[in-house]
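S.K.: Sharing a structure, written as structure tokens. Questions coming.
The values are calculated or read from the model by the stated rules, or taken from the named source; none is laboratory data. Because the structure is predicted, anything quoted here is derived from the model rather than measured. Cβ placement follows ideal geometry from the backbone for every residue including glycine, while neighbour counts extend to all protein chains displayed. Ligands, DNA and RNA are excluded from the accessible area calculation, which covers all protein heavy atoms including side chains. Shrake-Rupley method; radii C 1.70, N 1.55, O 1.52, S 1.80 Å.
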Amino acid sequence: MQPELRHLRYLQAVAAHGNFTRAAQDLHVSQPTLSQQIQQLERGIGAQLLDRSGRSVRLTDAGQAYLEHAQRALRELAAGQRAVHDVTDLSRGHLRLAVTPTFTAYLVAPLIAELHHHHPGITVTIREMSQESMENKLLADELDLGVAFDQPHVQGVRATTLFTETLIAVAGVSSTVERLTAKTVEHQPLALITTDFATRDHIDAYFTQHRIAPRIILEANSIQALIEIVRHTSLVTVLPDAIAARHLQLRPVPLEPPLPTRTVTLLAHEGTYQTAAARAFARLTREYVSGVMPQR
């Protein structure tokens, strides 16, 4: 018996859930049907793919090896389906885009506005996530493109340079803080983004490099929350300069030595099929940032 697509999807679901009951519910089939189909697959291949002896179901070594190839085949088939349904005149299409969170505050809206202006038939799904998750999902063909930073990338991810972003110290317009140095910033109460943001990594690296012991009074996992807090308090925060420039209630605070710059990139899965919608968004993004953003 030659394996069929349903067998591959069934094996993938059981491996993901570690349980026949939950996998069957997810697949909308009965548990006996699922068990029977997996047994057919094992007989056809001539190897036991699942270890059913424990409380949870696990892949055997043979199952792990087989599933890796099966998942690759499923990804290729999904890409083929998208290619068939792709419309090169861009009268319709869909873009799966991911961004690291700070870009939501100043970059995503104008880019989507450009895309909608030129190609209103394209629908978009936008997800915020860490750069590590983004690259893994690009490789798994769960995303078309990602906007993140230039750093060592997972093999298979292609990065195209977009522009240079500068981090700056920011205070509310009513704040009396005029300027800061590596020495005086230690005494300044700070409100910073939480450590699960890539931006915080850059900030902490700056503190470490200049042997600064920061006085962090507040942490938030929301850029908008930081903006509102700084507006209404004497706290100082660190934000990309493009965000600060868009808020009249904020003002830059000169800091010596200055905070680091970093390179913003457009990420894609190298060598995989790119839809017309993804190609159009990449082109419009390059055109937009070349006109309004500082280049490296």
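S.K.: Taking each pair of different alpha-carbon atoms in the range 143-296 once, compute 1/r for the pair, average those values, and report the inverse of that mean as the Kirkwood hydrodynamic radius in Å to one decimal.
M.R.: Working: mean 1/r = 0.0589 Å⁻¹.
Taking every pair of different Cα atoms in the range 143-296, averaging 1/r and inverting gives 17.0 Å.
S.K.: Only Lys, Arg, Asp and Glu count, each charged at its Cβ (+1, +1, -1, -1), so figure out the dipole size of the chain about its Cα centre, rounded to 20 debye. The partial results should precede the final answer.
M.R.: Details: 28 positive and 29 negative charges, 46 e Å.
Using Cβ point charges on Lys, Arg, Asp and Glu, the chain gives about 220 debye.
S.K.: Still on this model: Go ahead and run the numbers for FRET between ILE216 and ALA109, Cβ-Cβ distance against an R0 of 35 Å, rounding to 0.05. Could you put the intermediate results ahead of the total?
M.R.: Details: r = 29 Å, r/R0 = 0.84.
Efficiency for this residue pair is about 0.75.
S.K.: Using the crude model of +1 on Lys and Arg Cβ and -1 on Asp and Glu Cβ, and no other charge, please compute the dipole size for the range 5-85 relative to its Cα centre, in debye to 20. Walk me through the intermediate numbers first.
M.R.: Working: 10 positive and 6 negative charges, 33 e Å.
Its charge dipole is roughly 160 debye.
S.K.: Post the alpha-carbon centroid distance, the range 1-23 to the range 264-292, in whole angstrom.
M.R.: So the two Cα centres are separated by 35 Å.
S.K.: Roughly how many percent of the accessible protein surface of the chain is carbon and sulfur, given a 1.4 Å probe and a whole-percent answer?
M.R.: On the way: 7680 of 15230 Å².
Accessible surface attributable to carbon and sulfur in the chain totals 50 percent.
S.K.: Might you report the magnitude of the Cβ-based charge dipole of the range 219-276 about its Cα centre, with Lys and Arg at +1 and Asp and Glu at -1, to the nearest 20 debye?
M.R.: Numbers: 4 positive and 5 negative charges, 38 e Å.
Roughly 180 debye, rounded to the nearest 20.
S.K.: Pull out the extension gain between GLN224 and LEU248, defined as 0.36 nm times the separation in residues minus the alpha carbon to alpha carbon distance; nm, one decimal. Intermediate values should be presented prior to the final figure.
M.R.: Details: separation 24, 0.36 × 24 = 8.64 nm, distance 1.38 nm.
Extra length from GLN224 to LEU248 when fully extended: 7.3 nm.
S.K.: At a temperature of 20 °C and a viscosity of 1.002 mPa s, determine how fast the range 5-85 diffuses translationally according to Stokes-Einstein, using the Kirkwood radius over alpha-carbon pairs as Rh; express D in µm²/s, rounded to the nearest whole number.
M.R.: Value of D from the Cα-based Kirkwood radius: 164 µm²/s.
S.K.: Ratio to report: Rg/Rh of the chain, with Cα atoms as the point set and Rh obtained by the Kirkwood method; give two decimals. Write down the numbers at each step before the final one.
M.R.: Working: Rg = 24.4 Å, Rh = 22.3 Å.
Here the Rg-to-Rh quotient is 1.09.
S.K.: Per residue, how large is the accessible surface of the range 120-279? Use a 1.4 angstrom probe and give square angstrom. Show your work: numbers first, answer last.
M.R.: Values: 7540 Å² over 160 residues.
Using a 1.4 Å probe on heavy atoms only, each residue of the range 120-279 averages 47 Å².
S.K.: Give, as a single signed number, the net charge of other residues whose beta carbon lies under 12 Å from the beta carbon of ALA220, with Lys and Arg counted +1 and Asp and Glu -1.
M.R.: Details: positive: ARG200; negative: ASP196, GLU219, GLU228.
For residues surrounding ALA220, the net value is -2.
S.K.: Right, next: Give, in nm to one decimal, the length gained when the segment between GLN71 and ARG6 is fully stretched (0.36 nm per residue of separation minus the Cα-Cα distance).
M.R.: Working: separation 65, 0.36 × 65 = 23.40 nm, distance 1.22 nm.
Roughly 22.2 nm would be gained on extension.
S.K.: Please give the contour-minus-distance gain from GLN40 to ARG179: 0.36 nm per residue of separation, less the Cα-Cα distance, rounded to one decimal in nm. List each step's numbers first, then the result.
M.R.: Details: separation 139, 0.36 × 139 = 50.04 nm, distance 7.17 nm.
The span from GLN40 to ARG179 would gain 42.9 nm if fully extended.
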